[in-house]
Amino acid sequence: MITLRRRVRQPGPVTAGDVAVRVAGLRVERGGRPVLDGVDLDVVHGEILALVGPNGAGKSTLLAAVCGDLAPDAGTVALAGKPLGAWTPRELAMRRAMLPQRHTLSFPFTTLDVVRMGRVPWAGTAAEDADDDAVAHAMAATDVTAFAQRPFTALSGGEQARVALARVLAQDAATLLLDEPTAALDIRHQELVFAVAKEQAARGHAVVVVVHDLDLAAAYADRVALLADGRLAACGPSADVLAADLLTEVYQYDIEVIAHPRTGRPLVLPRR
Amino acid sequence: MTATAAKPEQRGALGPVLLLAGLSAGLVVMAVVAASLGQVNIPPAQVVGSILHRIGLDIGPVPEAAQGDNALWLVRFPRVALAIVTGAALGCAGAVMQGVFGNPLAEPGVIGVSSGAAVGAAAVIVFGLTFAGNWTIVLAAFVAGLLTTLLVYVVSRANGRTEVVTLLLTGIAVNAVAGAALGLLMFASGNDGLRAITSWQLGSLAGATWPAVGAVAPCALAGVAAAFLCARRLDVLALGERAARQLGVDVERLRLVCVVVIALLTSAAVAFSGIIAFVGLVVPHLIRMAVGPGHRVLIPAATIGGALILVTADLVARTSIAYQELPLGVLTSLVGGPFFFWLLRRTRTRSGGWG
C-alpha cells in the first residue's frame with residue numbers, strides 16, 4: 001500500500017499515578033436521546049477502575065467512547081495526554097487495548113494466531129522482537145496455552161473469552177479497557193482474570209473494567225464508578241461507592257452490604 | 001507474569017513452505033505438459049529444449065514435428081501463459097475478496113464482479129473502441145469491475161458485516177443486470193460481436209496472444225503484490241472491523257485498497273478469457289483446509305494454486321474432445337458448482353441457519 005508515513009509516535013514508559021484517560025463533559029446521544037451526559041472521569045495508571053451500574057446505564061457506551069469507537073456529541077476524551085483524535089489508529093493501539101463483549105472470527109484461525117494478532121500494532125518497531133515473549137506470557141496468564149493449536153471457532157464461550165483477553169494482553173498497551181471480561185467464565189477463571197488485571201495495574205497500567213458482579217468490584221477495584229441513567233452517580237473507593245442505600249436507589253432493588261465475617265471486606269447481596 | 005512461560009510451538013512451520021514449493025513445482029510441470037499436448041503432441045523434453053534454445057542455451061532436443069516450434073511459440077505458450085495469469089488473478093482475487101468480506105462464499109464470479117467487468121470489456125469490443133490501444137479492453141473491464149465491486153460491497157453490508165444471504169442475493173441481482181446488459185450488446189452487435197460475446201460468457205482462452213498476455217500480466221502482478229502487502233491486516237480483519245480498528249488497522253483504507261485490488265485482478269482475468277467462475281472460490285478454500293486461514297500463506301498459495309488449476313482445466317478443455325474445444329468456463333462451473341453447493345450446505349449447518 002502506498003502510504004505517506006509519518007513517524008509513529010511510540011509510547012514512553014508510564015508512571016503509576018499519572019492520568020491515563022481523562023473524560024470531560026462527555027455526552028453521547030443515540031437516536032436523539034442522551035445515553036451518556038455530563039460524565040467527568042479520570043483514570044490513572046496503576047489502578048483498577050470498575051465501571052458498574054444497571055443494564056442500560058451506559059457502561060459499554062462509556063467504554064466505547066474512551067476507546068474511540070464512537071465519537072462524543074459533546075465533551076472530550078483524552079488518552080495519554082492528548083485528545084483521541086490527535087493519535088492515529090495505530091498510535092492508539094499502542095496505548096490502549098480493548099476487550100469487546102462479544103467475540104467473532106470469520107475464519108478458523110488457531111488460538112495462537114488470534115493472540116498473535118494482538119502484536120500487529122508493533123510490527124516494524126523495536127518491540128516486535130518481544131512478540132513471542134508477549135504472546136507466550138499472555139497465553140500463560142490467561143490459561144490458554146493448552147489449546148494454542150485449536151481453532152478459535154471450535155472453543156467454548158469461556159475459552160474464547162480467555163483467548164480474547166490473551167490477545168488484549170499481548171497488545172501490551174498501558175491502558176486496558178475490558179468490557180465484561182468475566183461474563184462467560186467460571187469462578188476460577190473469574191478470579192484469574194481479576195488477578196491478571198491486578199498484575200497489570202501493579203505494572204503501572206490503567207485498567208478500566210465493566211463488571212456486573214459487585215462483589216468482584218468490591219474485592220479487586222481500587223475505585224468504583226457507578227453509572228445510572230447515563231450519569232456518574234458516584235465515583236471513589238469501593239467502600240464509599242458500594243453503600244447499601246446508594247446501590248438500592250440506583251439498581252431499584254433492595255440491596256444490603258455486609259462485612260465478610262472473616263476478612264471484613266464488603267459483601268454486596270440482594271435482600272431476599 | 002512469569003518470565004519462563006513456555007512458548008507454544010508454531011504449528012507446522014514447514015507446512016506452508018512445502019505447500020508453496022509443491023504448488024510451484026506442480027505449476028511448472030503442468031505448464032510443460034500443457035504445452036506439449038494438443039493436436040500435434042510435442043514431447044515435454046522438446047518443449048523444455050525449445051525454451052532453452054530460445055534463451056540462448058543449446059541444451060536438449062528441439063521440436064521434431066513440422067512447425068513444432070511455431071506451434072509452441074505462437075499458439076501454446078501464449079495460451080499457457082494466459083491460463084497462468086488468469087488463474088493466478090482469479091485465485092488471488094477470491095482470497096482477497098473472502099478476506100475483506102469476512103465471508104468464505106465471496107467470489108468474483110458468484111457475486112457478479114466478473115460479469116460486470118465482462119460488460120465493460122464487451123462494450124469496447126462491440127463498439128470497436130481502441131482509445132487506449134492494447135489496454136482498452138483491460139481498462140474498460142477494470143472500470144466496470146471496480147464499479148460493480150463497489151456496488152456489491154455497499155449494498156451487501158449492514159452494520160459492519162456481510163450476511164451470506166444478502167451477499168448471494170446481491171450477486172443474483174448483479175448477475176441479472178450484467179446478463180441483460182450483455183444481451184443488449186449482443187442484440188446491438190453484428191455476427192462477429194455475437195460470437196465474441198458468446199465465447200466470453202462461456203469463458204475461453206482460445207484468443208490467447210502474446211499482446212493479450214502482455215496487457216493483463218502487469219495488472220495481475222500489481223494486484224497480487226498489493227494483495228500480499230495487505231495480508232496481515234486481512235488476518236486482523238477476521239476479528240471484525242471494530243476489533244481490527246482497535247488494533248490500529250485503518251479499516252477504511254484497507255477496504256478501499258482491497259476493492260481496487262479485486263477489480264484489478266478480476267478485470268485482468270476477464271479481459272481476454274471471459275467469465276471463468278468458481279476458481280476463486282474453490283482454490284482458497286482448499287488451501288485454507290490444508291494450511292489454515294492465515295493470509296500471508298493463503299494469498300500466495302491461492303495465486304499459484306489458481307494458476308495450476310486453470311492450466312490443468314484449460315488442458316482438459318482443449319484435449320478431452322478431439323478437434324473440439326470445451327468452453328473453459330463451462331468446465332470450471334461443472335466442477336465448481338457442486339463444490340459451491342457443498343460449501344453452502346456446510347456453512348448453513350455450521351451457523352445453524354442463515355441468521
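Please treat every number below as a calculation from the coordinates, not as lab data. All values derive from a computational prediction rather than experimental measurement. Note: ideal-geometry Cβ built from the backbone for every residue, glycine included; neighbour counts use all protein chains shown.
What the table shows:
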| quantity | calculated |
| --- | --- |
| Kirkwood Rh in Å, taken over all unlike Cα pairs in region B:1-133 | 19.2 |
| In Å, descending, principal axis extents of the Cα set of region B:248-355 | 57, 34, 25 |
| FRET efficiency, A:Gln252 to A:Arg7 (Cβ-Cβ, R0 60 Å, nearest 0.05) | 0.70 |
| Full-stretch length increase - B:Thr209, B:Glu64 - with 0.36 nm per residue and alpha-carbon distance subtracted | 49.9 nm |
| Peptide-level mean, for A:28-37, of C-beta atoms on other protein chains within 10 Å | 0 |
| Antiparallel %, DSSP beta bridges [both residues in region A:73-208], to 5 | 30 |
| Axial C-alpha extent at least 27 Å, average Kyte-Doolittle at least -0.5 - helices from chain B (DSSP) | B:14-36, B:77-101, B:136-156, B:164-188, B:210-229, B:251-273, B:295-319, B:328-351 |
| Rg/Rh for region B:115-186, where both radii come from Cα atoms and Rh is the Kirkwood radius | 1.08 |
| For region A:209-223, Karplus couplings with θ = phi - 60° (6.51, -1.76, 1.60), whole Hz, Gly/Pro x | 10, 7, 8, 8, 7, 5, 5, 4, 4, 4, 6, 10, 7, 6, 9 |
| Centroid-to-centroid separation of region A:36-78 and region A:144-188 [C-alpha atoms, Å] | 22 |
| Nonlocal amide H pairs with A:Ala206, under 5 Å, H built at 1.01 Å | A:Gly46, A:Thr175, A:Leu176 |
| Per-selection Rg to Rh, region A:180-266 - Cα, Kirkwood hydrodynamic radius | 0.96 |
| Ranked B:Met289, B:Met186, A:Met139, criterion: other C-beta atoms within 10 Å, fewest first | B:Met289, B:Met186, A:Met139 |
| Neighbour-count ranking [beta-carbon atoms within 10 angstrom, fewest first] of A:Cys67, B:Cys92 | A:Cys67, B:Cys92 |
| Among beta bridges that DSSP assigns inside the protein assembly as shown, antiparallel share in %, nearest 5 | 65 |
| Residues B:Thr170, B:Thr209 arranged by fewest to most Cβ contacts within 10 Å | B:Thr209, B:Thr170 |
| Cα-centred dipole magnitude for chain B, charges only on beta-carbon of K, R (+1) and D, E (-1), debye, nearest 20 | 1060 |
| Globularity index of chain A, i.e. its alpha-carbon radius of gyration over 2.2 N^0.38 Å | 1.02 |
| Residue-wise HN-Hα coupling along region A:79-91, computed from phi with Karplus coefficients 6.51, -1.76, 1.60 (Hz; x: Gly, Pro) | 10, 6, x, 10, x, 3, x, 7, 9, 7, x, 5, 5 |
| In nm, spacing of pseudo-spin labels at B:Arg345 and A:Arg150 (7 Å Cα→C-beta vector) | 2.8 |
| Assigned charges on the beta-carbon of Lys, Arg, Asp, Glu; the protein assembly as shown dipole about Cα centre (debye) | 700 |
| Equivalent ellipsoid semi-axes - Cα gyration tensor, the protein assembly as shown, angstrom | 57, 26, 20 |
| Cα-Cα pairs of region A:93-199 separated by more than 23 Å (percent) | 19 |
| Region B:57-68 - phi-based ³J(HN,Hα) in whole Hz, Karplus 6.51/-1.76/1.60, Gly and Pro as x | 9, 8, 10, x, x, 9, x, 8, 4, 4, 6, x |
| Compactness index (Cα Rg / 2.2 N^0.38 Å), chain B | 1.03 |
